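Structure first, commentary second.
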Amino acid sequence: MKIQRRILATGLLALPAIARAQGAWQPSRPVQLIAGFAPGGGSDIIARTIAEAAAPLYPVPLVVINRPGAGGALAAEQVARMPPDGHALLLAGGSESTSVPAHREVPYDPKRSFRAVIRLTRHGQFLVVKGRGGKFADVNALMAAARQAPEAVSHASAGVGTLTHSIFLLLGRAAGAQFLHVPFTGGGPSMQAIVAGQVDCGVAAPEEMAGLVDSGDLKVLAIASPERAPAYPDVPTFRELGWNVVAENMKGWVGPAGLTDEMAAYHHQRMRQAMAAPQWQRFMERSREPDGYADGPGFQQAMDHLLDSIRTALRG
């Protein structure tokens with residue numbers, strides 16, 4: 001207990017003076033960290049890793065709660081309806097924030113039902129095709145086939161309305177092509193379908209495709225990020241290829257709308273400190289992704305921009 005208190009005191013002293021001045025508020029009971037996807041998946045790993053890193057900086061436990069379903073929308077609805085008392089945060093920034101609300105009505109407003117606190121990660125989304133024995137040598141061959149006729153090229157996704165679905169809507173709009181959408185239940189099944197030759201292409205996160213790329217079963221053609229990925233320096237961005245498509249899978253914390261400045265600052269400062277902890281740094285090294293940090297307003301702006309882009313693409 002003494003060691004834990006010393007760690008907490010050290011963490012609090014390390015905070016900037018302004019944060020301590022704003023720190024009259026602090027949580028009085030466990031803080032719920034709600035993730036909208038099942039245990040063991042990417043979102044769950046992010047939530048639990050940052051919770052472990054941040055735990056010494058909080059005077060109460062941080063409890064990760066999984067609320068899977070509807071592409072993260074069930075968890076988002078739950079947090080949107082909770083009181084803005086600082087004791088519940090949602091791991092947001094992905095499909096529930098930037099894609100699902102563009103495809104269908106949801107019982108929350110992704111722009112107004114939450115207050116963004118901090119962005120933790122931004123994961124590149126890679127365009128992939130079958131490797132060995134595949135019919136597309138490069139991105140130009142794929143896009144030429146896609147332009148030949150509507151739905152001449154099929155793409156897999158992790159489900160209707162997910163970001164992996166919406167990226168192809170953005171790409172089709174930018175490149176003047178129309179893809180055939182084949183939804184699956186997640187990223188893993190969609191990658192296996194590409195390897196098996198059941199669909200022509202798809203969008204993958206690094207952790208979903210790494211082993212299949214290393215084995216030669218998948219080939220990476222492009223990335224939907226502003227810059228090339230350090231782990232795949234030879235893979236061009238869509239922008240470099242002439243298509244202004246930027247759609248990253250972001251993850252960060254938001255609270256219910258009405259969260260006060262003091263509450264937002266309290267969580268932001270501690271989570272930002274936690275991003276320098278060994279647990280988090282090891283995770284980032286394994287993921288081979290760039291630092292994803294953004295403050296609350298920057299995180300909200302990035303989510304809103306992507307959501308607006310997908311809504312525009314859906315209007316055709």
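Observations
- When residues of the stretch 274-316 are limited to those that are basic (Lys, Arg) and under 17 Å from the mean Cα position of the chain (by Cα), the one surrounded by the most Cβ atoms within 10 Å (Cβ to Cβ): Arg288
- Conditions (1) under 19 Å from Leu57 (Cβ atoms); (2) of a type in the set (Gly, Ala, Ser); (3) in contact with a Ser or Thr (Cβ under 9 Å, 6 or more places away or on another chain); number of the one not met by Gly292: (1)
- Some residue of the stretch 71-94 being part of a loop (DSSP other than H, G, I, E, B), open to solvent by less than 30 Å² (accessible area, probe 1.4 Å) and aliphatic (A, V, I, L, M): no
- Against the conditions (1) of a type in the set (A, V, I, L, M); (2) open to solvent by 30 Å² or more (accessible area, probe 1.4 Å); (3) modelled with pLDDT of 95 or more, Val60 satisfies every one except (2).
- Filter pass, Glu248 being closer than 25 Å to Arg173 by Cβ and either aliphatic (A, V, I, L, M) or open to solvent by 10 Å² or more (accessible area, probe 1.4 Å) (or both): yes
Condition check ((1) free of Cβ contacts under 8 Å to residues at least 40 places away in the same chain; (2) among the hydrophobic types (A, V, I, L, M, F, W, C); (3) farther than 18 Å from Gly124 by Cα) across all residues:
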{"residue": "Ile223", "(1), (2), (3)": "no, yes, no"}
{"residue": "Ala257", "(1), (2), (3)": "no, yes, yes"}
{"residue": "Asp261", "(1), (2), (3)": "no, no, yes"}
{"residue": "Ala264", "(1), (2), (3)": "no, yes, yes"}
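- Qualifying residues in the stretch 22-48 (those that are touching a strand residue (DSSP E or B) at 6+ places or on another chain (Cβ under 9 Å) and part of a helix (DSSP H, G or I)) - the one modelled with the lowest pLDDT: Gly42
- All conditions but one from (1) open to solvent by 30 Å² or more (accessible area, probe 1.4 Å); (2) farther than 19 Å from Gly133 by Cα; (3) not hydroxyl-bearing (Ser, Thr, Tyr) apply to Asp217; the one that does not is (2).
- Residue in the stretch 194-203 that is crowded, with 17+ Cβ neighbours inside 10 Å, touching a strand residue (DSSP E or B) at 6+ places or on another chain (Cβ under 9 Å) and closer than 21 Å to Lys251 by Cβ present: yes
The values are calculated or read from the model by the stated rules, or taken from the named source; none is laboratory data. Everything numeric here is computed off the predicted structure, so don't read it as measured data. Ideal geometry is used to build each Cβ from the backbone, glycine not excepted, and the neighbour counts take in all protein chains shown. Protein only, heavy atoms only, side chains kept; ligands, DNA and RNA dropped before computing areas. Shrake-Rupley method; radii C 1.70, N 1.55, O 1.52, S 1.80 Å.
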